[in-house]
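Down below is the structure, laid out as structure tokens.
What follows is calculated from the coordinates using simple rules that are stated; it is not laboratory data. These numbers come from a predicted model, not from an experiment. Glycine gets a Cβ as well: all are built from the backbone with ideal geometry, and neighbour counts include every protein chain shown.
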Amino acid sequence: MTGVALTFEFGAGEGFDPSDAKWVMLVGADGLPVAGEVEIDASAEGGGCIVAQPTEAASVAISLPMTTAVGRFRLQTTLLVPRRRPYSLLYELARERIRFFLAKGEDWGVWNPGVPPDAVIAFEEGRDALGRASTEVDPAARASLAMQSLSGALDASRMAAAEHARRSLQRKHSRKAAPSTSLGIRVASSLSPGLLEKSPFDRLGLVSVPLRWAEVQPAPDRFDWRRLDRWMVAADRAKRRVLCGPLVDLSLQNIPDWMLARRADPEAFREALYAFCEQVVMRYRGGVHMWNVASGLASQGDDAGNVERAVGLTRLASVLVRQRHPRARILVEIADPFGERMWSRPERLGPYRYLRRIAEEGIHFDVVGLRFLIGESVSIDRDPATVAALLDRYSTPERHLIVSALGAPSSGGHWTREGQASWMTDMVPIVLGRPRFDAVLWGHVADPGPDHPLGLFDGDGRAKPASTRLRELSERLSAPSPDLAFDPAAMRPGSAGA
């Protein structure tokens, strides 16, 4: 690296593991990744420094996984300018979380009379520890105070987010219970549709049926409708609303083998894709309530041609649905809500720019879907308050939203089965308490594989605690002014395996 860089010092046992170097990224004022280089210089004792050099001169922050007293999360520092003297990593992380609480505490009404003071007390303790850390000359004592401040501020922001969500949800449904479609499940076509009649799914009013082009059209002249037909019949029999799609998904696992060779010919690819979408919409327009017309296209756009392609394919699917199934709602899905895929290529379209662009182009969509699958669409867990802040950022007065796939692992790292259930407890009210968010769907019924234990059931069909928790949540939502608060000790992120 050349020029003055951002340098952060960290010590052994201060929460950052140098082996996580690949997860360190630079972020800008908008919270999205920016171009630059990052190097880790670790000592044999476990401490060291992080050297970050942004490509362009600007205030930036670093985002990285950190283990704290209340869990392991991806956190970020304050926005800083390069200088020759190193910054303290822990201190800057704590300072950012204090700033975050002050900003969001105002938005979430933390300071209003009558609001339980636990969050404010934890925040004041964290701010006091940060103040003492700023004057402490002993490095070990300074790091201890900074960690105390960071953990306290994380705890405070989490409690503030949870309390705000609880009060907001009760106001949102003060007169009438939440509709059954507020909670749903994203199924897999290989599963038995009979599960819709069984607990914990029998009370869920919304089912997302995935659509894979490669599975439905394995050859140019052959369609295989068997699995989709079974799910559509079962959903109709069980009186469930159906979200189907995506119609357009450019990931390699979605595109049929016979079509891969045609990707280099935009017109041939577009014609084949249009024909496929038309066949699907015409066949299932009697049973689908909402079409996911495009997923993952915000991660496209390494150059101007790809940006236009992503926007054009979104328009293609939206217009087709409006013509062939005008009564259906149209959803566009953001598969990377934090914009992490821009880390390696910051010039990509990105989620905010994608939504802004298709709106400016006059492309019709009714709903935005966000995917929050820890280990899939989100690399490292975020604390609940950070997720709540991101949901606020996506919210606009004219836009309806859902979380189209929610999920966290039940094992691996710090995660446990009980932690998965507690994470669900935190997330569901945080989503549904927001005025413009209409629904949240759990992303996996069963574990999709041993390395992705995101399901409500394991590979042997055994139910996890999260399946019981989903049932409890659906029951509580069926009454006016629902109270979704559970045991606060069980909800603590540290015990939740975050």
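Hey, got a sec? Which GluC sites (Glu not before Pro) in the stretch 1-77 land in a DSSP loop and have at most 16 other Cβ atoms within 10 Å?
Those that pass, being in a loop and sparsely packed, are Glu45, Glu56.
Quick check on the stretch 329-369: take the gyration tensor over C-alpha atoms, sort the square-rooted eigenvalues as a ≥ b ≥ c, and tell me if it's rounded (a/c under 1.5), prolate or oblate.
Oblate, because a/c is 1.5 or more while a/b does not exceed b/c.
What longest region of the chain stays clear of chymotrypsin sites (Phe, Trp or Tyr not before Pro) that DSSP places outside H, G, I, E and B and that have at most 15 other Cβ atoms within 10 Å?
226-498
Relative contact order for the chain: what is it in percent, counting Cα pairs under 8 Å that are at least 6 residues apart?
About 15 percent, as a whole number.
Mind grabbing the base-10 log of I(q)/I(0) for the stretch 6-168 at q = 0.11 Å⁻¹? Debye formula, identical points on the C-alpha positions, no solvent, two decimal places.
Values, matching the q order: -0.45.
Could you grab the Rg to Rh ratio for the stretch 236-337? Cα atoms only, Kirkwood for Rh.
0.98
With angles folded into 0 to 90 degrees, how steeply does helix 226-237 sit against the dominant principal axis of the chain? Use alpha carbons for both and round to 10.
90 degrees
Hey, with R₀ at 45 Å, roughly what FRET efficiency would Glu124 and Arg175 work out to, going by the Cβ-Cβ distance, to 0.05?
Values: r = 37 Å, r/R0 = 0.81.
After rounding to 0.05, the efficiency reads 0.80.
Go through Lys22/Lys198; Lys172/Lys239; Lys176/Lys198; Lys176/Lys239; Lys104/Lys176 and tell me which ones have a Cα-Cα distance over 32 Å in this structure.
Lys22/Lys198
Counting DSSP beta bridges in the stretch 177-491, what percent are antiparallel, to the nearest 5? Let's see the in-between values first.
Details: 4 of 40 bridges.
Within the stretch 177-491, antiparallel bridges account for around 10 percent of the total.
Nearest 10 degrees is fine. How inclined is helix 465-477 to the longest principal axis of the chain, computing both from alpha carbons?
Helix 465-477 sits roughly 80 degrees off the main axis of the chain.
If one computes the Cα centroid of the stretch 88-107 and of the stretch 325-355, what distance in Å separates the two points?
The two parts, judged by their Cα centres, are 28 Å apart.
With axes computed from alpha carbons, what is the tilt in degrees of helix 304-324 against the longest principal axis of the chain, rounded to the nearest 10 within 0 to 90?
40 degrees
Looking at the stretch 97-194, which trypsin sites (Lys or Arg not before Pro) are DSSP coil and have at most 14 other C-beta atoms within 10 Å of their C-beta?
Values: sites: Arg97, Arg99, Lys104, Arg127, Arg132, Arg142, Arg158, Arg166, Arg167, Arg171, Lys172, Arg175, Lys176, Arg186; in loops: Arg175, Lys176.
Those that pass, being in a loop and sparsely packed, are Arg175, Lys176.
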